[in-house]
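Okay, so here's the structure we're looking at.
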Amino acid sequence: MEPIVIKNMERNDSMKYGVGIDVSKGKSTIAIISNEGEIIEEPFEIIHDIDGFKVLDEKMKNLSKEDLKIVMEETGTYHLPILGYLLDKEYFVTAKNALEIKKYLDRGLRKAKTDKKDAYKLAEYACNNWYKLIKVRDNDKKYDNLKFLSRQYLSTIAVQVKQKVNFSNLCDLIFPGYYQLLDDNTFILGLEIFKKYYHPDIVKNKKEDLFIQEVYQMSKKLGHRSAGISLAKKIYTLAQKTFSTFPNNQYSQLSANSCTDTLICTIKASSIIIAEMDKLARELPEYDVINKLPGCGKKLTSRVIAEIGDIRRFKNAGSIIAYCGLDAPPYQSGQFESTNRHISKRGNKYLRKTGYEIMQSIKSNPKKDNELLTYMIKKENEGKLKKVAKIAGLNKFLRMYYGTVKKKYRELNIW
């Protein structure tokens, strides 16, 4: 249905109006049409600031909020300013999945694409799907803050992982075998030691007792004490027999300092973020019950809550599985019906990643009476690949999550 211009038309009280917002970085193109095809407002552009939002308000002020529905595309973070403004003004807003909107916009033989045409089509989508649209729920700010911190945590971890690889390669060049001496408990201490004793020749030039004493003083500041002495002895023994392929010079020192400083910084930053996430998540009613689910420790509990958000926006457990991108939609045509379908991956990749980490945690720390572990082992015994078994376990975990939180909410009379 192409919108048509109807001038001097008396507006019917029962007329409905669709607003299409094509969001870009820092700006949006907006069109308003009626369900009868009348163009109420030709496409216009606004900047995402107070003045721009006032222009949008002015364009919609003569339209009843009860007869007005707004459709926009979820675009990562670009749509959040205008979405937040419209929710504060109590408009009916739907933020649709980007892939769903793309397929709707690509209809027709001639695939012309401009911001103005997209705004028209989004307004048309609002009119054609009037009774199917679901209003964006104005979440508790705690969920928004959790999700925001979750994204920052994952960004920091991504840098941290790259720097760990860089540190491992650096150790192989300058101090072979050093990286293998470290574990999770002594990693920060090992970085501080490496920053000062980055080359085996430096360690060799020290007397063993003096080296151990200096490392002990460093470990006391970090709260390790006895672990520092044990690590110092291992490093000193390694220095006597290892062979460095890179000389002890200003360049190796510069590389060691820059690598360790960056790694220490990202480790501390991620620890601060996850601690704040845990503190924030504890204020939510579902924290206690989720924390008791298999695989959900301090870090993963706050992360999985951050990615799922307010569970009341999902109509059932299957909706969360689809949101996670773990559903395998059926495919049938004529006499053919596929029975070997892959997961769609058309969902929240961060939730999928967090959930997979929970499954890995369960497998690496097996405990008795763990329903999810038993289920994954059962799938493996049926011939499923380990990765496939973990995905099946994650499906079950999300169903458990939904049922557990729903029960808790009903007990509190907030469902």
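Name, by its number, the condition in (1) closer than 20 Å to Lys349 by Cα; (2) touching a residue at least 40 places away in the same chain (Cβ under 8 Å); (3) open to solvent by 40 Å² or more (accessible area, probe 1.4 Å) that does not hold for Glu283.
Just one mismatch for Glu283, condition (1).
Taking the criterion of being farther than 21 Å from Ala322 by Cα, open to solvent by 60 Å² or more (accessible area, probe 1.4 Å) and at pLDDT 90 or above, would at least one residue in region 100-111 satisfy it?
No: region 100-111 contains no residue that is farther than 21 Å from Ala322 by Cα, open to solvent by 60 Å² or more (accessible area, probe 1.4 Å) and at pLDDT 90 or above.
Quick one: Ser168 ticks every box in (1) polar (S, T, N, Q); (2) open to solvent by 60 Å² or more (accessible area, probe 1.4 Å); (3) touching a helix residue (DSSP H, G or I) at 6+ places or on another chain (Cβ under 9 Å); (4) without any contact (Cβ under 8 Å) to a residue 60 or more places away in the chain except a single one, so which number is it?
(2)
Looking at Ile47, is it open to solvent by less than 30 Å² (accessible area, probe 1.4 Å) and either at pLDDT 90 or above or over 27 Å from Arg313 (Cα atoms) (or both)?
no
When you scan region 348-357, do you find a residue that is aromatic (Phe, Trp, Tyr) and under 17 Å from Gly297 (Cβ atoms), even just one?
yes
Sort out which residues of region 69-103 are hydrophobic (A, V, I, L, M, F, W, C), under 18 Å from Arg137 (Cβ atoms) and touching a residue at least 40 places away in the same chain (Cβ under 8 Å), and write them in order of number.
Of everything in region 69-103, those that are hydrophobic (A, V, I, L, M, F, W, C), under 18 Å from Arg137 (Cβ atoms) and touching a residue at least 40 places away in the same chain (Cβ under 8 Å) turn out to be Ile70, Val71, Met72, Ile82, Leu83, Leu87, Phe92, Val93, Ala95.
Against the conditions (1) touching a Leu at 6+ places or on another chain (Cβ under 9 Å); (2) open to solvent by 30 Å² or more (accessible area, probe 1.4 Å), where does Asp201 fall short? Just the number, please.
(1)
Return the only residue of Thr245, Thr260 being among the polar types (S, T, N, Q), open to solvent by less than 20 Å² (accessible area, probe 1.4 Å) and touching a residue at least 40 places away in the same chain (Cβ under 8 Å).
Every option except Thr260 fails the conditions.
Kindly provide the set of residues from region 394-403 that are open to solvent by 10 Å² or more (accessible area, probe 1.4 Å) and in contact (Cβ under 8 Å) with a residue 40 or more places away in the chain, ordered by number.
Asn395, Arg399, Met400, Tyr402, Gly403
List, please: which pairs have Cβ atoms under 8 Å, are six or more places apart or on different chains, and start with a residue in region 364-382 that is acidic (Asp, Glu) and end with one that is open to solvent by 100 Å² or more (accessible area, probe 1.4 Å)?
As it stands, the answer is Glu380/Lys386, since those pairs meet every condition given.
If you take the residues in region 86-99 that are assigned to a helix (DSSP H, G or I) and either touching a Phe, Trp or Tyr at 6+ places or on another chain (Cβ under 6 Å) or modelled with pLDDT of 80 or more (or both), which one is surrounded by the fewest Cβ atoms within 10 Å (Cβ to Cβ)?
If we take residues in region 86-99 being assigned to a helix (DSSP H, G or I) and either touching a Phe, Trp or Tyr at 6+ places or on another chain (Cβ under 6 Å) or modelled with pLDDT of 80 or more (or both), then Asp88 is surrounded by the fewest Cβ atoms within 10 Å (Cβ to Cβ).
Quick one: which helices (runs of 4 or more DSSP H) sit completely within region 108-222 and have at least 2 residues that are small (Gly, Ala, Ser) and more than 30 Å from Ser34 (Cα to Cα)?
Answer list for region 108-222: 141-174.
Taking Gly37, is it on the phi > 0 side of the Ramachandran plot, open to solvent by 30 Å² or more (accessible area, probe 1.4 Å) and at pLDDT below 95?
No.
Just name the residue that is least open to solvent (accessible area, probe 1.4 Å) out of those in region 339-393 that are of a type in the set (Asp, Glu) and within 13 Å of Gly295 (Cα to Cα).
Looking at residues that are of a type in the set (Asp, Glu) and within 13 Å of Gly295 (Cα to Cα), I get Glu357.
Could you list, in sequence order, all residues of region 185-213 that are under 42 Å from the mean Cα position of the chain (by Cα) and acidic (Asp, Glu)?
Within region 185-213, just Glu192 meets the criteria.
The values are calculated or read from the model by the stated rules, or taken from the named source; none is laboratory data. Everything numeric here is computed off the predicted structure, so don't read it as measured data. Counting neighbours? That spans all protein chains shown, and the Cβs are built from the backbone with ideal geometry, glycine included. Heavy atoms of the whole protein, side chains included, go into the accessibility calculation; ligands, DNA and RNA do not. Shrake-Rupley method; radii C 1.70, N 1.55, O 1.52, S 1.80 Å.
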